[in-house]
Amino acid sequence: MSVFENAVYNRNKIHPQKFALLISCASVVMLFAALTSAYVVRQAAGNWLEFPLPVIFLYSTLTLIVSSFTLHFSYKSFLKGKPLLYRYLLFITFVLGILFVYLQYKGWMALVAMGVELGTNPSGSFLYVLSGLHAAHILGGLAAVFVAILHAFILPYEVTDKRKLRFEMTQIYWHFVDILWIYLIVFLWLQQQA
């Protein structure tokens with residue numbers, strides 16, 4: 001193998017743990033694609049209760065987007081040798097993630113107040129299932145961020161390949177669930193406009 005071919009191979013090689021994470025993300029995408037497809041098919045079948053999407057879900061969306069930025073800048077601070085900013089932004093990401101889950105809960109309570117309960121109508125059930133499954137994935141992301149916080153505050157600050165990999169995987173997953181929620185909220189909003 002020439003030096004050029006070796007360089008191209010090394011540049012395009014992905015870490016096996018990252019690859020496994022991406023495969024997991026792909027399976028989650030397929031799950032939510034199946035659920036949103038089922039949503040569209042069931043909606044066309046009739047007996048579909050129309051109701052406005054609680055505005056609190058838009059606030060939770062904004063919270064999740066901000067959390068992706070704080071995590072991104074935490075990683076950049078980690079790489080640039082700014083341990084205080086890195087730790088501070090990582091902690092803020094965790095708090096925003098918890099706030100997102102709380103706002104989801106408030107959104108569910110707003111649905112109940114409108115008379116849209118889990119078993120009332122398929123339209124409400126789909127919303128609970130989609131947002132609930134997503135919230136479960138956020139809890140997984142919160143666990144990863146919590147471990148990153150433990151590393152940030154307990155271990156001495158040091159940029160190693162192992163810590164970079166862990167942080168990058170945490171970022172990939174967190175940004176993935178962020179994009180997934182944006183897809184879901186846009187999907188639900190567009191379904192209401194149809």
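Quick one: in the range 141-162, of everything that is part of a helix (DSSP H, G or I) and in contact with a Phe, Trp or Tyr (Cβ under 8 Å, 6 or more places away or on another chain), which residue is surrounded by the fewest Cβ atoms within 10 Å (Cβ to Cβ)? Please lay out each step first, then the result.
So in the range 141-162, the residues part of a helix (DSSP H, G or I) come out as 141-154, 161-162.
Going one step further and asking which of them are in contact with a Phe, Trp or Tyr (Cβ under 8 Å, 6 or more places away or on another chain), we end up with 141-142, 144-146, 148-149, 152.
Working: G141: 23, L142: 18, A144: 18, V145: 26, F146: 14, A148: 27, I149: 16, A152: 20.
Going through the qualifying residues, I end up with F146.
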For this session: Could you give me the residue pairs with C-beta distances under 9 Å whose first residue belongs to the range 1-27 and is under 20 Å from V177 (Cβ atoms) and in a helix (DSSP H, G or I), whose second residue is open to solvent by 70 Å² or more (accessible area, probe 1.4 Å) and modelled with pLDDT under 90 wherever it lies, and which are 6+ apart or on separate chains?
Result: L22/I14
For this session: Evaluate the range 68-76: report whether one residue or more is surrounded by fewer than 17 Cβ atoms within 10 Å (Cβ to Cβ), in contact with a helix residue (DSSP H, G or I) (Cβ under 8 Å, 6 or more places away or on another chain) and under 30 Å from L188 (Cα atoms).
Result: yes
Problem set entry | Hits in the range 89-114 (condition: in contact (Cβ under 8 Å) with a residue 12 or more places away in the chain and of a type in the set (G, A, S)) | G97, G107, A110
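If you scan the range 52-67, which residues turn out to be part of a loop (DSSP other than H, G, I, E, B) and surrounded by 15 or more Cβ atoms within 10 Å (Cβ to Cβ)?
The answer is L53, P54.
The values are calculated or read from the model by the stated rules, or taken from the named source; none is laboratory data. As the structure is a computational prediction, the values presented were derived from the model and not from experiment. Reconstructed Cβ throughout: ideal geometry from the backbone, glycine too, with neighbour counts over all protein chains shown. Remember, those area values only see protein heavy atoms, side chains included, never the ligands or the DNA or RNA. Shrake-Rupley method; radii C 1.70, N 1.55, O 1.52, S 1.80 Å.
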